[in-house]
Amino acid sequence: MMADEQLPILMVLSENDKLVDTDISYEIAELLGATEDNFDIYNHDAQLEKQRKHDTYPWIVVLPQCGHYSFKTQPKIVNETLTTFMDSVNQRALT
């Protein structure tokens, strides 16, 4: 299973996605080995409501207020998340 390998995986899912059913997104997260410790969950006001445990993978980000193009509707959250994710991947590569 991919979770056993602790691969640095980032998944941003939108609960209002019209192209990818929310249930399928959560099934994919589960197949990747995600537990509740892996989730960052934002509320409808784009505030972080629940934060994942530090450096656990896969890293799942839930944006309930977004559609399929979350990078357009919540660019600040998505960009900050991507930057943090890439920094952590680079840090792991250096150790």
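Whenever a residue of segment 40-64 is within 16 Å of K76 (Cα to Cα), its partners that are of a type in the set (S, T, N, Q) and surrounded by fewer than 13 Cβ atoms within 10 Å (Cβ to Cβ), lying with C-beta atoms within less than 7 angstrom and at least six residues away or across chains, give the pairs D40/Q51. Checking each residue in segment 17-36 for being more than 13 Å from W59 (Cβ to Cβ) and surrounded by 14 or more Cβ atoms within 10 Å (Cβ to Cβ) picks out D17, T22, S25, Y26, I28. Looking only at segment 3-44, residues that are touching a Pro at 6+ places or on another chain (Cβ under 9 Å) and aromatic (F, W, Y) come to 1 in all. Looking only at segment 27-50, residues that are modelled with pLDDT under 95, charged (D, E, K, R) and touching an Asp or Glu at 6+ places or on another chain (Cβ under 9 Å) come to 0 in all. Can we say D40 is in contact with a strand residue (DSSP E or B) (Cβ under 9 Å, 6 or more places away or on another chain), of a type in the set (D, E, K, R) and either surrounded by fewer than 16 Cβ atoms within 10 Å (Cβ to Cβ) or outside any helix (DSSP H, G or I) (or both)? For D40, the condition - in contact with a strand residue (DSSP E or B) (Cβ under 9 Å, 6 or more places away or on another chain), of a type in the set (D, E, K, R) and either surrounded by fewer than 16 Cβ atoms within 10 Å (Cβ to Cβ) or outside any helix (DSSP H, G or I) (or both) - is met. The condition (being under 13 Å from the mean Cα position of the chain (by Cα) and of a type in the set (D, E, K, R)) is satisfied by just one residue among D21, D87, D37: D37.
Give me the residue from segment 84-95 that is within 17 Å of R52 (Cα to Cα) and either surrounded by fewer than 12 Cβ atoms within 10 Å (Cβ to Cβ) or not hydrophobic (A, V, I, L, M, F, W, C) (or both) and, out of that set, modelled with the lowest pLDDT.
The selected residue is S88.
When restricted to residues that are part of a strand (DSSP E or B) and in contact with a Lys or Arg (Cβ under 8 Å, 6 or more places away or on another chain), segment 55-76 contains 2. Restricting the first member to segment 1-27 and to residues that are closer than 19 Å to S88 by Cβ and assigned to a helix (DSSP H, G or I), and the second to residues that are among the hydrophobic types (A, V, I, L, M, F, W, C) and modelled with pLDDT of 90 or more, the beta-carbon pairs closer than 6 Å and six or more apart or on different chains are M2/L32. Any idea which residue in segment 51-83 is modelled with the lowest pLDDT, counting only those that are of a type in the set (V, I, T) and either closer than 15 Å to D17 by Cα or surrounded by 13 or more Cβ atoms within 10 Å (Cβ to Cβ) (or both)? So the residue we want is T56.
The values are calculated or read from the model by the stated rules, or taken from the named source; none is laboratory data. Given the structure is predicted, the values throughout are model-derived calculations rather than measurements. No Cβ is skipped: glycine too gets one built from the backbone with ideal geometry, and neighbour counts run over all protein chains shown.
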